[in-house]
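Peer 1: Input: one structure, supplied below.
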Amino acid sequence: MMSAEPKNIPSCYSPGYAKAQALDPEIAANYIAHTQIGDPDADAVIEEMASLDGGTAARLFRLGLNTEDPAEREHILRDAPSALRNFLRKLDTPPDWVDASAYMPGIRMFHRNSRLVLGAFVGGVLIEGFSTNISKSFLVTGRLREYGVRRLKQNNRHMIELFMPGGMERSGDGWKLSIRVRLVHAQIRYLLNKSVEWDTEELGVPISAAHMGFSAAAFSARLLKHLKSLGAEFNEEERKSFMKVWRHSGFLMGVPETILFRDEQEALRLFDVGRMCEPASELEAIAMANSLISSAPLVIGITDPLARRDLAGYVYRVSRALIGNTLADELKYPANKTFGVLEWFRLQSRYSQTMNRLFPKRNRNDSFSQFTSLLEASAFDAAGISYRLPDDLYAEESQQW
């Protein structure tokens, strides 16, 4: 952890930083310092490969990430940019704390509660993760509705692959998708830094290490909290294992160890202090949150306007109950009462589990069943993992990636 007082604090963080210092001055200073840090290793790769066309870059990424033997990879990529070769060499040696043998309890817990995980993820931590200024980095690109659907599917699929047996091994799709997320972020950071759309003195580095550390904490520890609220059951071993999977993924996604949580308690503390450092949610976070929720019906193929409105309204109610009225009001959620919402959700969950055991072939079409089926709708992509990156800051100018 960086304990020194941060210098040249981005102006948008000054008010929140002053408040956060009263809560935990060391974590607050560390968070602000990381708003000025990107991902040096991944950024070097993108910078050095900027002159290559998208197809060539994607081919090199695919070869590098799918060739596990270091000697074979060095031969195949002998003419590739040195930054890419150095990047891949570092990935060959994981930190000492990585222990894939400890992941099975967390994997079992994930699959046992998989339908509830979706509610906690989409209605809770995904909204919380994008409530920070990281939303500004993504919304600049445009295509709000299409982006919401695609982002929701990509985030859901990434999480599923993390918790597949072997998913976090070098050959696993969870491992590869974590690296892909890292490269996409580095590419967007590169494009924003070249544009006039980003003010570093005001906002810090786009998709900063602070935001990535915050997101990793939200997607792990806050997800466990929301899962409990929705009625999930898990023991202490499963809890710790779940956090270890996310810590490993956070490291692969480029979160430096100076702001990467070590356990659940540390992650929750980082989340609380980081949220206090962040400015109040502005237009970009508001648009992102509402886009994600309104995209939920489209992910599972609901296009009828009335049916879409009903399911989105259900997701809004559950989400407000999870994230709290303060953040929900900041994000301009519809005004809904939260009393009894989570109790009703837990009752529906127990009822659904019982009926599925008694009548496994039944077909339900209520809001609970639709909402909790989102994870399944995002699980499979016949095209496999794409290693293409956006080649233009604006979505309408970029080739498909």
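The values are calculated or read from the model by the stated rules, or taken from the named source; none is laboratory data. Remember, predicted model here, so these are calculated numbers, not experimental data. Cβ: placed from backbone, ideal geometry, glycine included. Neighbour counts: every protein chain shown.
Peer 1: Here is a list: Phe345, Phe380, Phe359, Phe339. Which entry is surrounded by 12 or more Cβ atoms within 10 Å (Cβ to Cβ) and either of a type in the set (Gly, Ala, Ser) or at pLDDT below 85 (or both)?
Peer 2: Values: Phe380 fails: surrounded by 12 or more Cβ atoms within 10 Å (Cβ to Cβ); Phe359 fails: surrounded by 12 or more Cβ atoms within 10 Å (Cβ to Cβ); Phe339 fails: surrounded by 12 or more Cβ atoms within 10 Å (Cβ to Cβ).
Residue meeting the stated conditions: Phe345.
Peer 1: Please go through region 161-195 and pick out each residue that is among the aromatic types (Phe, Trp, Tyr) and closer than 15 Å to Ser249 by Cα.
Peer 2: So in region 161-195, the residues among the aromatic types (Phe, Trp, Tyr) come out as 163, 175, 190.
Of everything in region 161-195, those that are among the aromatic types (Phe, Trp, Tyr) and closer than 15 Å to Ser249 by Cα turn out to be Phe163, Trp175.
Peer 1: Oh, and also: Within the bounds of region 141-148, is there any residue that is at pLDDT below 95, surrounded by 20 or more Cβ atoms within 10 Å (Cβ to Cβ) and assigned by TED's automatic domain parsing to the domain that holds Arg115?
Peer 2: Going through region 141-148, the residues at pLDDT below 95 turn out to be 141-148.
Filter once more, so that each one left must be surrounded by 20 or more Cβ atoms within 10 Å (Cβ to Cβ): 141, 148.
Then drop every residue that is not assigned by TED's automatic domain parsing to the domain that holds Arg115, which leaves 141, 148.
Checking region 141-148: at least one residue is at pLDDT below 95, surrounded by 20 or more Cβ atoms within 10 Å (Cβ to Cβ) and assigned by TED's automatic domain parsing to the domain that holds Arg115.
Peer 1: Determine which member of the set Ala100, Ala83, Ala71 is aliphatic (A, V, I, L, M) and loosely packed, with under 11 Cβ neighbours inside 10 Å.
Peer 2: After ruling out the rest, the residue left standing is Ala71.
Peer 1: Sticking with this structure for a sec: Pick out, from region 236-320, the helices (runs of 4 or more DSSP H) lying fully within it that include 3 or more residues that are among the hydrophobic types (A, V, I, L, M, F, W, C) and more than 26 Å from Thr93 (Cβ to Cβ). Break it down into steps so the answer makes sense when it comes.
Peer 2: Numbers: elements: 236-252, 264-277, 283-299.
Helices (runs of 4 or more DSSP H) meeting the threshold: 264-277, 283-299.
Peer 1: If you don't mind, another one. Could you tell me which numbered condition Thr258 fails, if it satisfies all but one of (1) under 15 Å from the mean Cα position of the chain (by Cα); (2) surrounded by fewer than 18 Cβ atoms within 10 Å (Cβ to Cβ); (3) of a type in the set (Ser, Thr, Tyr)?
Peer 2: Every condition holds for Thr258 apart from (1).
Peer 1: Got at least one residue in region 28-47 being over 26 Å from the mean Cα position of the chain (by Cα) and not in a helix (DSSP H, G or I)? Write out each step before concluding.
Peer 2: The initial filter retains those residues of region 28-47 that are over 26 Å from the mean Cα position of the chain (by Cα), namely none.
No, region 28-47 has no match at all.
Peer 1: Can you tell which of Ala296, Ala321, Ala280 is at pLDDT 90 or above and crowded, with 21+ Cβ neighbours inside 10 Å?
Peer 2: Selected residue: Ala321, the only one of Ala296, Ala321, Ala280 that is at pLDDT 90 or above and crowded, with 21+ Cβ neighbours inside 10 Å.
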